[in-house]
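The structure under discussion appears below in the form of structure tokens.
The values are calculated or read from the model by the stated rules, or taken from the named source; none is laboratory data. If you're wondering where the values come from, they're calculated on a predicted model, not measured in any experiment. All Cβ positions, even for glycine, are placed from backbone atoms using ideal geometry, and neighbour counts span all protein chains on display. Calculation scope for accessible area: heavy atoms of the full protein, side chains included, ligands and nucleic acids excluded. Shrake-Rupley method; radii C 1.70, N 1.55, O 1.52, S 1.80 Å.
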Amino acid sequence: QFGRQVFEMVLRFCEKERSYVQERKLDKKMERVRAGIRPSSFNCGYERDGKGVLVPKSGEAEVVKSMFELYLQHQSIQKVVDSLKEMGITTKRGNPFSPKSTYNILTNDVYVGTVRWRGEVSEDQHQPLVSRETFERVNELLSMNRRGGWSSRGRRGRREMRATEEE
């Protein structure tokens with residue numbers, strides 16, 4: 001009985017310490033965001049300098065810029081993906097860009113020089129790859145062209161779209 005109580009007490013202390021560690025990690029990430037350092041590691045078109053700040057990566061930055069230009073030209077994510085495939089442009093792993101990854105790039109405001117994390121926004125902390133006007137125009141077209149978003153691509157979404165087309 002006494003051994004179990006001691007064990008539970010030690011367990012509670014461990015849980016408390018774990019929550020403190022988690023809070024400190026989140027605070028540290030928030031400090032990095034306020035300093036303009038994006039907490040995530042993957043950003044197509046950018047690499048980190050010695051201080052952890054995002055700087056444009058040659059080659060990839062041009063791909064990101066061309067994605068925005070292609071979307072303004074075609075107004076279709078699938079046509080952007082097809083154009084990239086025709087040009088032989090692939091991801092870092094050598095795979096063709098998917099519509100979802102292309103959509104994520106086109107809607108990620110890191111490409112206009114903004115760092116956003118958990119509602120905290122830090123403006124103009126790194127060199128933008130596209131102008132704010134281009135970014136807003138692309139995202140305006142994306143929202144107008146959406147047919148229910150990515151979640152509706154499944155069976156239920158297709159059935160609902162067919163039902164509305166038949167009416």
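Got a number for residues in the range 45-77 being open to solvent by 40 Å² or more (accessible area, probe 1.4 Å), in contact with a helix residue (DSSP H, G or I) (Cβ under 8 Å, 6 or more places away or on another chain) and part of a loop (DSSP other than H, G, I, E, B)? Matching residues across the range 45-77 total 1. Scanning the range 78-113 for residues that are over 22 Å from Arg146 (Cβ atoms) and open to solvent by less than 60 Å² (accessible area, probe 1.4 Å) yields Gly88, Ile89, Thr91, Gly94, Gly113.
Conditions (1) in contact with a Pro (Cβ under 7 Å, 6 or more places away or on another chain); (2) at pLDDT below 85, marked per residue:
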| residue | (1), (2) |
| --- | --- |
| His74 | no, no |
| Ser101 | no, no |
| Val112 | yes, yes |
| Asn139 | no, no |
| Glu167 | no, yes |
